[in-house]
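The structure under discussion appears below in the form of structure tokens.
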Amino acid sequence: MNDVILRARGVRKRFGDTEVLKGIDLDVRSGEVLCVIGPSGSGKSTLLRCFNHLERIDAGRVWMDGELVGYEQHGPSGRVLRERRARDVRRQRERIGMVFQRFHLFPHRTSVQNVMEGPVAVKGQPRAQAEKQARKLLADVGLADRADHYPAQLSGGQQQRVAIARALAMEPALMLFDEPTSALDPELVGEVLGVMRDLARSGMTMVVVTHEMGFAREVADRVLFMDRGAVVEAGSPDVLFTDPRHERTRAFLSTVL
Ligand code: ADP
Ligand code: MG
């Protein structure tokens, strides 16, 4: 069994009166590709945001590389604990790459400048080294000839591939994707899924929220179906797509397959 990179136990999150995550338990193992599917509003994005500490969880625990982070620490010296928490969260977040539906590239910077920004600004890498690495990553996602273009000069699919290269530049142990192809014109979806497929084959650990059932079926080691803030079932794509155990999974799949 591979090591667990990310472990969540009893993760709860509420917004106002709505409990959006109702106690999520999950292990993500090194090298695994986990696809998360489920209806809109079921809490998929919130779950990823909790993993990346973009949201603070209300209850439960999240471990990254065996280290407990991202929960309210109670103690007599609250201030020290808060500072420690902030430092832990920063360090852990560097180990996690995230790709969103919208690409969020810096519009006034070229592809290569976008990709090298993190390593230079956050990790203090020398610019020359960061640029060399950025150009290599852009070549890996098929954009060697777009390295010096600005986002506005790129298609949505190309921008999303730059965003993937930018996340990879931080050398993450885990990549989170939140519907990375949902904002793309249909003809551009394939090039982004292709890059993600290559990344999966290279051994990257990935959690992918997606509506692309073909991708999930082909690339995922495990598929997890979420509904109303809970994990309804998880299993190999073969079993989950052809013989789901729960009626809710069956009902959802009948709407998307
Ligand atoms: P999904 O990604 O599965 O579509 P989300 O995690 O985005 O679901 O949302 C789950 C629920 O939480 C939805 O009802 C959504 O309206 C609500 N929600 C998400 N983010 C916030 C927020 N920042 N404030 C209030 N409600 C939110
Ligand atoms: Mg979402």
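The values are calculated or read from the model by the stated rules, or taken from the named source; none is laboratory data. Model, not experiment: these values are computed from the prediction. Backbone-built Cβ (ideal geometry, glycine too); neighbour counts: all protein chains shown.
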Verdict on V20 being surrounded by 15 or more Cβ atoms within 10 Å (Cβ to Cβ), free of Cβ contacts under 8 Å to residues at least 60 places away in the same chain and either touching a strand residue (DSSP E or B) at 6+ places or on another chain (Cβ under 6 Å) or farther than 26 Å from D238 by Cα (or both): no
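Filter segment 236-257 down to residues that are basic (K, R) and assigned to a helix (DSSP H, G or I) and give me whichever is surrounded by the fewest Cβ atoms within 10 Å (Cβ to Cβ). If you could, list the steps in order and put the result at the bottom.
Of segment 236-257, the ones basic (K, R) are 245, 248, 250.
Next, from what is left, pick out any that are assigned to a helix (DSSP H, G or I): 248, 250.
Working: R248: 17, R250: 12.
Checking each candidate, the answer is R250.
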Boolean, E233 is in a strand (DSSP E or B) and either free of Cβ contacts under 8 Å to residues at least 12 places away in the same chain or acidic (D, E) (or both): yes
Residues that are polar (S, T, N, Q) and part of a loop (DSSP other than H, G, I, E, B), drawn from segment 28-49: S30, S40, S42
Answer from P180, P172 - the residue that is within 16 Å of the chain's Cα centre (by Cα) and surrounded by 22 or more Cβ atoms within 10 Å (Cβ to Cβ): P180
Condition met for V120 (in contact (Cβ under 8 Å) with a residue 40 or more places away in the chain and either surrounded by 14 or more Cβ atoms within 10 Å (Cβ to Cβ) or of a type in the set (K, R) (or both)): no
Residue list for segment 177-186, filter: touching a Gly at 6+ places or on another chain (Cβ under 8 Å) and more than 16 Å from ligand 2 (Cβ to nearest atom): D185
Cβ-Cβ under 7 Å pairs, at least 6 apart or on other chains, segment 35-54 side under 22 Å from G214 (Cα atoms) and hydrophobic (A, V, I, L, M, F, W, C), far side part of a loop (DSSP other than H, G, I, E, B) and more than 10 Å from ligand 2 (Cβ to nearest atom): C35/T210; C35/A220; I37/T210
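Would you check if F241 is in contact (Cβ under 8 Å) with a residue 40 or more places away in the chain and of a type in the set (F, W, Y)?
On the way: in contact (Cβ under 8 Å) with a residue 40 or more places away in the chain: no; of a type in the set (F, W, Y): yes.
No, not satisfied.
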Subset tally (residues that are more than 21 Å from I37 (Cα to Cα) and either aliphatic (A, V, I, L, M) or within 15 Å of ligand 2 (Cβ to nearest atom) (or both)) for segment 165-176: 6
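Looking for whichever is within 16 Å of ligand 1 (Cβ to nearest atom) and touching a residue at least 60 places away in the same chain (Cβ under 8 Å) here; the options are V207, V219. Which one fits? Quick ask: steps written out before the conclusion?
Details: V219 fails: within 16 Å of ligand 1 (Cβ to nearest atom).
Criteria check complete, one pass: V207.
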Test set (1) surrounded by fewer than 19 Cβ atoms within 10 Å (Cβ to Cβ); (2) within 16 Å of ligand 1 (Cβ to nearest atom); (3) part of a strand (DSSP E or B); (4) at pLDDT 95 or above - G60 fails condition number: (4)
Test: residue in segment 188-205 that is at pLDDT 95 or above and under 30 Å from D58 (Cα atoms): yes
